[in-house]
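Okay, structure first, notes after.
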Amino acid sequence: MIDGIRVYDVQEKGEQIFHYLEGELEEGKTVTGQIDWDKRFSRMQQHSGEHIVSGIVHARFGYDNVGFHLNDELCTLDLSGPLTKEELREVENAANEAVFANVPVQISYPSKEKLKTLDYRSKIEIDGQVRIVTIPGYDVCACCAPHVYFTGEIGLIKLVQSQNYKGGIRITMLCGRRALKDYQQKEESVKAIMGSLSAKEELIAEAVERVKEECTQLKRYVIGSETEDVRPYSKILKEQFDGRGGGKPVMVQGSVNGSEEAIRKVFE
Ligand SMILES: [Zn+2]
């Protein structure tokens, strides 16, 4: 907010920062800006979590963080090499240990000489003063963004999705309140499925598989007629729909593999 008017976008152009407002400001007037703290804190949580995950991956696998996207819903990071499901779980566990340890996030401005001796992550070459963010035991990185003071403020770090991306991997992660919200949504889904299938939480995947199997078995057909020999229909279904079954001139039954629409056409 600037003087009570909502800022809907901010863009950096060269040395200048542009704030786009929903209303007009009086020219020449001194104004007061106000941070949307919930939004800022959420971004600090995601970004600080990203430092920890990237630092752990860098130390254990030697990969670099080559891309990072953060908005109000999504936070993704791109790593320069692949990780298996087990390795991702290992990284996630280690990242949460860093949260439980509640280590301080340290900011420093080393001299050029000191910087030469420092092993730190950096995406770009920086000409001026470098700001180093250190999470002791987990990450050392050149960065000028806002971070939390202690890792405990990040809350849960959850790696929710991953996909192969440009020879490496893109990870979608949630930290803090976003992770809590995701847990709550998933809990609601799980409880709804548990209710529908009368299954215990730890057995719902099995229960869904069972229902799927039952549905497949239910694709049976029965054709009957008092005036016509129905066996030719059974033959057509066998040929066109990988069908099974047979019977007498008055009634045939079996199973088929095909869409309702396609099967109906045979009888039209
Ligand atoms: Zn940072």
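No lab work stands behind these numbers, since they all come straight from the coordinates. Keep in mind that this is a model prediction, so the values were computed, not measured. Cβ sites come from the backbone with ideal geometry, for glycine too, and all protein chains shown count toward neighbours.
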Within region 1-100, trypsin sites (Lys or Arg not before Pro) in DSSP loop having at most 16 other beta-carbon neighbours inside 10 Å: 6, 29
Among the listed pairs 13/166; 158/219; 85/116, those beyond 31 Å (Cα-Cα): 158/219; 85/116
Virtual spin-label span in nm between residue 238 and residue 26, 7 Å along Cα→Cβ: 9.1 nm
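Hey, what number do you get for the chain at 222 nm if only DSSP H runs of n ≥ 4 count, each worth -39500 (n - 2.57), divided across all residues, to the nearest 500?
Working: 7 runs with 99 residues, N = 268.
Value at 222 nm, helices only: -12000 deg cm²/dmol.
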Sites matching trypsin sites (Lys or Arg not before Pro) across region 162-228 that sit in DSSP coil, with at most 11 neighbouring C-beta atoms within 10 Å: 166, 200
Amide H partners (placed H, <5 Å) of residue 131, local residues excluded: 143
Distance in nm between pseudo-label sites at residue 185 and residue 255 (7 Å out along the Cβ direction from Cα): 3.6 nm
Paramagnetic reach from residue 131 in region 19-34 [backbone N under 19 Å; point 7 Å along Cα→Cβ]: 19, 33-34
Environment charge of residue 36, counting only residues whose C-beta is closer than 11 Å and scoring Lys/Arg +1, Asp/Glu -1: +2
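Between residue 216 and residue 35, take the C-beta separation as r, use R0 = 41 Å, and let me know the FRET efficiency to the nearest 0.05. The partial results should precede the final answer.
Numbers: r = 56 Å, r/R0 = 1.36.
E(calc), rounded to 0.05, equals 0.15.
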Candidates 93, 65, 257, ranked by Gaussian network fluctuation over the chain, Cα under 10 Å, top entry: 257
Footprinting exposure proxy for 75, 175, 144 (fewest neighbouring C-beta atoms within 10 Å first): 144, 75, 175
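Please go through region 1-56 and write out the GluC sites (Glu not before Pro) that DSSP classes as loop and that have at most 16 other C-beta atoms within 10 Å.
Working: sites: 12, 15, 22, 24, 26, 27, 50; in loops: 15, 22, 24, 26, 27.
Those satisfying the criteria are 15, 22, 24, 26, 27.
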Segment residue 248-residue 197, extension gain: residue separation times 0.36 nm, minus the distance between their alpha carbons: 14.5 nm
